[in-house]
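Take a look at the structure set out below.
The values are calculated or read from the model by the stated rules, or taken from the named source; none is laboratory data. Here the structure is a predicted model, which is why all the values come from computation and not from measurement. Every residue, glycine as well, gets a Cβ built from its backbone with ideal geometry; the counts of neighbours run over all protein chains shown.
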Amino acid sequence: MITASASFCVQVKSNEQPIRYVKPHAVDWIFHQDNPLFICTANKNTHSLKVFSTWRMLNVFLYKSPSIIRLIMKNQKKGDYIHYRKEETQADIYLGDPVIELSVNDINNKDILKKSRLILKDWISIDRLNLARREAGLYWVEGPIKYSTNIELKDNNQDLRFYSNQKNLNISMDNFVRGCIGAYIDLEKTPSKKVELELLQKEIAVFINKNKRAFDPYHMRLLQSFRLIK
């Protein structure tokens, strides 16, 4: 039976020259992508293609939306993988190494194609999580900083960056309270975590009492209903 899996978008080009998004509608288009975007470069001379992830791009839009974006299909020579220019109105984003590279001969190799599919699936998941967090008002981005082309991802070497947005303050407070309650429920259902549960209750109570003005009545009632505060 055929089932639909996670959606993603691919922009294909015939070289590895940087892609420039200059016009306002183009920058707006790439910022409001609801699906992971990959850049695919095809080399007619070698009959091969490379696939690049653009997960790093979301850092730019969560920090400060520039008017010009450049996606560069290689690693930065030094420093950060995002370079801001002209008072941060322009951003160069180094996408790093390709996540997948295939030749025309690989197309007929089922093992290689299967492995490539699994690798791509992991990269799609990374982007989808980041995009989902953005829509939920959770302004942090996470992704692998060290990886190898055609190699499945490992759990380590993650780059994690947080960003501030005043419009998300209420959402952040909601998520903090719900996160505390979620941790409480999980610990409560785990008999071996009794000590951790008691510690969590004490730490939350101390924090809330010191910062009562930051929480509205709804948050307070919610925490009280789970006996996290009195």
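Of all residues in segment 169-177, one or more are of a type in the set (Phe, Trp, Tyr) and either within 29 Å of Met57 (Cβ to Cβ) or in the same structural domain as Lys74 (by TED's automatic domain parsing) (or both). When the residues of segment 123-141 are filtered to those that are modelled with pLDDT of 90 or more and exposed (fewer than 14 other Cβ atoms within 10 Å of the Cβ), the one that is nearest to Lys64 (Cα to Cα) is Ala132. Close contacts from segment 131-159, counting a first residue that is under 17 Å from Phe8 (Cβ atoms) and outside the structural domain of Asn175 (by TED's automatic domain parsing) and a second that is in a loop (DSSP other than H, G, I, E, B) and β-branched (Val, Ile, Thr), with Cβ to Cβ under 6 Å and a gap of 6+ residues or different chains, come to none at all. Taking the conditions (1) surrounded by 14 or more Cβ atoms within 10 Å (Cβ to Cβ); (2) assigned to a helix (DSSP H, G or I); (3) touching a Pro at 6+ places or on another chain (Cβ under 9 Å) in turn, Asn150 satisfies each one other than (2). As a summary of the residue check, Ile185 satisfies the conditions (1) modelled with pLDDT of 90 or more; (2) surrounded by 15 or more Cβ atoms within 10 Å (Cβ to Cβ) except for the one numbered (2). The residues listed here are His47, His32, His25; of these, the one that is at pLDDT below 90 and out of contact with any Cys (no Cβ under 7 Å at 6 or more places or on another chain) is His32. One residue stands out in segment 12-23 among those that are in contact with a strand residue (DSSP E or B) (Cβ under 6 Å, 6 or more places away or on another chain) and free of Cβ contacts under 8 Å to residues at least 40 places away in the same chain: the one that is surrounded by the fewest Cβ atoms within 10 Å (Cβ to Cβ), namely Ser14. Taken over segment 36-63, residues that are in contact with a Ser or Thr (Cβ under 9 Å, 6 or more places away or on another chain) and among the charged types (D, E, K, R) amount to 2.
Figure legend. Inter-residue proximity from segment 24-42: first residues under 23 Å from Val141 (Cα atoms) and assigned by TED's automatic domain parsing to the domain that holds Ile100, second residues among the acidic types (Asp, Glu) and not in a loop (DSSP other than H, G, I, E, B), beta-carbon distance below 6 Å, spacing 6+ or different chains. Indicated pairs: Pro36/Asp127.
With respect to Leu62, is the statement that it is over 21 Å from Tyr147 (Cα atoms) and touching a residue at least 24 places away in the same chain (Cβ under 8 Å) true? So Leu62 passes the test. Residues satisfying the criterion are absent from segment 103-116 (criterion: crowded, with 18+ Cβ neighbours inside 10 Å and either part of a strand (DSSP E or B) or not assigned by TED's automatic domain parsing to the domain that holds Ser53 (or both)).
Of the residues in segment 31-53, at least one is touching a Phe, Trp or Tyr at 6+ places or on another chain (Cβ under 7 Å), within 23 Å of Asn130 (Cβ to Cβ) and either part of a helix (DSSP H, G or I) or among the charged types (D, E, K, R) (or both).
Has segment 85-96 got any residue that is acidic (Asp, Glu), assigned by TED's automatic domain parsing to the domain that holds Leu37, surrounded by fewer than 19 Cβ atoms within 10 Å (Cβ to Cβ) and on the phi > 0 side of the Ramachandran plot? Yes, because at least one residue in segment 85-96 is acidic (Asp, Glu), assigned by TED's automatic domain parsing to the domain that holds Leu37, surrounded by fewer than 19 Cβ atoms within 10 Å (Cβ to Cβ) and on the phi > 0 side of the Ramachandran plot.
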